[in-house]
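Chemist: Here it is: the structure, laid out below.
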Amino acid sequence: MIRFDDVGKTYAPLRGPRVRAVDGMTLDVDAGEVFGIAGPNGAGKTTMIAMMLGFLPPSAGRITVDGLAPRAFVERHGMGYLSELIAINPRWRARESLVRLATLAGLAAGVLGARVDELLALFGLEKHAHKRTKQLSKGTLQRLGLAQSLLRDERVLILDEPTHGLDPIWTQRFRELVPRLRRADRVIVVASHNLDELERLADRVAIVDRGRLQRIVRTRGTASGPTPTRYRIAAQNADSLMAAIFPGAVSAGTGEFDVPVADLAVLNAGLRALLAGGALLVSVSPAYSSLEEQFRQAVGEGA
């Protein structure tokens with residue numbers, strides 16, 4: 001549904017060198033999926049989103065949304081969008097802001113009020129409805145931003161750092177909401193620095209760095225991805241054994257070690273050797289999730 005075909009974007013400031021923000025990017029986002037975008041600061045995520053929304057034209061290549069240029073799609077069908085930094089007039093009251101934005105979005109007068117009240121309830125904003133937005137906490141303002149992104153039943157929903165500022169309860173509620181928003185003809189794009197979040201929510205995650213697509217990781221329906229190469233082992237009576245059995249092992253605190261392994265066979269052989277040497281295993285787990293492992297490989301250990 002969303003296609004990047006060898007897309008590039010170069011910024012040419014009045015002073016200073018040209019900046020290649022996106023370079024040779026080709027990818028497809030399918031209808032019906034939740035698609036994640038991850039990358040370090042300055043990787044090109046914001047520029048990708050701006051081009052998907054039609055805010056910026058590409059300098060090279062072509063972007064289409066359901067066969068249309070992004071701006072043409074937005075003008076004809078609209079898009080739901082949550083920006084990383086929410087900017088709502090600080091003098092507007094919470095409910096008033098949703099009413100104004102719904103009016104601008106073209107919601108019919110007969111359904112506008114009911115839809116606004118539905119979203120206020122969905123995001124727990126009823127008691128804040130008559131507060132000015134400047135009085136809202138960061139987390140409450142974030143919930144208001146999420147509510148405005150859902151005012152219309154859009155086929156394309158783009159969420160930039162959707163859980164930024166949310167407390168654990170509302171983070172979990174957002175995670176429970178996303179599967180309910182899935183639809184066969186809808187695309188949900190989530191950009192986030194939170195890799196755990198993307199691994200929970202997305203079907204696939206594009207890892208970008210220095211303006212280029214480094215890899216796409218499938219997080220649903222397959223055990224794809226490399227075997228983790230670093231594990232956290234907690235064990236008793238293992239201090240004198242660990243370095244000899246797992247070269248490169250690093251203590252992570254009393255009784256815990258981070259150990260590098262080439263593959264699962266090496267890990268299991270090492271665990272057998274620890275047990276044979278008298279160690280008592282407490283736990284063994286990957287030091288990083290599959291997505292974290294691929295992210296580190298794609299953008300480097302220092303990211």
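The values are calculated or read from the model by the stated rules, or taken from the named source; none is laboratory data. Note that the structure is predicted; figures quoted are calculated from it, not measured. Ideal geometry is used to build each Cβ from the backbone, glycine not excepted, and the neighbour counts take in all protein chains shown.
Chemist: Testing residue 220 on (1) modelled with pLDDT of 90 or more; (2) out of contact with any Leu (no Cβ under 9 Å at 6 or more places or on another chain); (3) over 15 Å from residue 281 (Cβ atoms), one condition comes back false. Which one is that?
Modeler: Only one criterion is unmet by residue 220, namely (1).
Chemist: State all residues of the stretch 73-104 that are over 27 Å from residue 52 (Cα atoms) and buried (at least 16 other Cβ atoms within 10 Å of the Cβ); if no residue qualifies, say none.
Modeler: Within the stretch 73-104, the subset over 27 Å from residue 52 (Cα atoms) is 90-96.
Residues satisfying the conditions are 92, 93, 94, 95, 96.
Chemist: If I filter the stretch 1-39 down to residues being part of a loop (DSSP other than H, G, I, E, B) and in contact (Cβ under 8 Å) with a residue 12 or more places away in the chain, which single residue comes out as nearest to residue 74 (Cα to Cα)?
Modeler: At the first step, the residues of the stretch 1-39 found to be part of a loop (DSSP other than H, G, I, E, B) are 1, 12-18, 30-33, 39.
Now drop any that are not in contact (Cβ under 8 Å) with a residue 12 or more places away in the chain, which leaves 1, 30-33, 39.
On the way: 1: 14, 30: 18, 31: 16, 32: 19, 33: 19, 39: 26 Å.
Selected residue: 1.
Chemist: Turning to a different aspect of this structure: Of all residues in the stretch 223-258 being among the aromatic types (Phe, Trp, Tyr) and under 31 Å from the mean Cα position of the chain (by Cα), which is modelled with the lowest pLDDT?
Modeler: From the stretch 223-258, those among the aromatic types (Phe, Trp, Tyr) are 231, 246, 257; that's our starting set.
Among the residues that remain, those that are also under 31 Å from the mean Cα position of the chain (by Cα) are: 231, 257.
Working: 231: 87, 257: 92.
Filtering first and then ranking leaves 231.
Chemist: Determine which single condition residue 61 fails, assuming it passes every other condition in (1) part of a strand (DSSP E or B); (2) farther than 22 Å from residue 203 by Cβ; (3) within 20 Å of the chain's Cα centre (by Cα).
Modeler: The number of the failed condition is (3).
Chemist: Which pairs do you get when a residue that is under 13 Å from residue 232 (Cβ atoms), found in the stretch 256-283, comes within reach of a residue that is outside any strand (DSSP E or B) and charged (D, E, K, R), reach meaning Cβ atoms under 9 angstrom, with the pair 6+ apart or on two chains?
Modeler: Listed by first residue and then by second, the contacts come to 257/239.
Chemist: What about residue 6, is it within 28 Å of residue 291 (Cβ to Cβ), in the same structural domain as residue 196 (by TED's automatic domain parsing) and loosely packed, with under 14 Cβ neighbours inside 10 Å? Before the answer, list the steps.
Modeler: Working: within 28 Å of residue 291 (Cβ to Cβ): yes; in the same structural domain as residue 196 (by TED's automatic domain parsing): yes; loosely packed, with under 14 Cβ neighbours inside 10 Å: yes.
Taking the combined requirement at face value, the residue satisfies it.
Chemist: So, of the residues in the stretch 22-52 that are acidic (Asp, Glu) and surrounded by fewer than 16 Cβ atoms within 10 Å (Cβ to Cβ), which turns out to be nearest to residue 203 (Cα to Cα)? Give the steps one after another, and end with the answer.
Modeler: Initial filter on the stretch 22-52 (acidic (Asp, Glu)): 23, 28, 30, 33.
Next cut, surrounded by fewer than 16 Cβ atoms within 10 Å (Cβ to Cβ) only: 28, 30.
Working: 28: 13, 30: 10 Å.
Taking the candidates together, the pick is 30.
Per-residue answers, yes or no, for (1) of a type outside the set (Gly, Ala, Ser); (2) modelled with pLDDT of 95 or more; (3) surrounded by 19 or more Cβ atoms within 10 Å (Cβ to Cβ); (4) over 19 Å from residue 168 (Cα atoms):
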| residue | (1), (2), (3), (4) |
| --- | --- |
| 106 | no, no, no, yes |
| 132 | yes, yes, no, yes |
| 135 | yes, yes, no, yes |
| 140 | yes, yes, yes, no |
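Chemist: Answer with yes or no whether residue 210 is crowded, with 16+ Cβ neighbours inside 10 Å and either within 27 Å of residue 9 (Cβ to Cβ) or free of Cβ contacts under 8 Å to residues at least 12 places away in the same chain (or both). Write out each step before concluding.
Modeler: Values: crowded, with 16+ Cβ neighbours inside 10 Å: no; either within 27 Å of residue 9 (Cβ to Cβ) or free of Cβ contacts under 8 Å to residues at least 12 places away in the same chain (or both): yes.
Against the criterion (crowded, with 16+ Cβ neighbours inside 10 Å and either within 27 Å of residue 9 (Cβ to Cβ) or free of Cβ contacts under 8 Å to residues at least 12 places away in the same chain (or both)), residue 210 does not qualify.
Chemist: Does any residue in the stretch 138-160 that is assigned to a strand (DSSP E or B) come within less than 7 Å, Cβ to Cβ, of a residue that is among the charged types (D, E, K, R) six or more places away or on a different chain, and which pairs are these?
Modeler: From the stretch 138-160, the pairs are 157/186; 160/84.
Chemist: For the stretch 163-171, check the following and say yes or no: at least one residue is of a type in the set (Gly, Ala, Ser), over 13 Å from the mean Cα position of the chain (by Cα) and either at pLDDT below 95 or not in a loop (DSSP other than H, G, I, E, B) (or both).
Modeler: Initial filter on the stretch 163-171 (of a type in the set (Gly, Ala, Ser)): 165.
Filter again for over 13 Å from the mean Cα position of the chain (by Cα), leaving 165.
Narrowing further to those that are either at pLDDT below 95 or not in a loop (DSSP other than H, G, I, E, B) (or both): 165.
Yes: one or more hits.
Chemist: Also: Confirm whether residue 84 is in contact (Cβ under 8 Å) with a residue 60 or more places away in the chain and assigned by TED's automatic domain parsing to the domain that holds residue 120. Explain how you work it out, then say what you get.
Modeler: Working: in contact (Cβ under 8 Å) with a residue 60 or more places away in the chain: yes; assigned by TED's automatic domain parsing to the domain that holds residue 120: yes.
Considered against the rule, which asks whether it is in contact (Cβ under 8 Å) with a residue 60 or more places away in the chain and assigned by TED's automatic domain parsing to the domain that holds residue 120, residue 84 comes out as yes.
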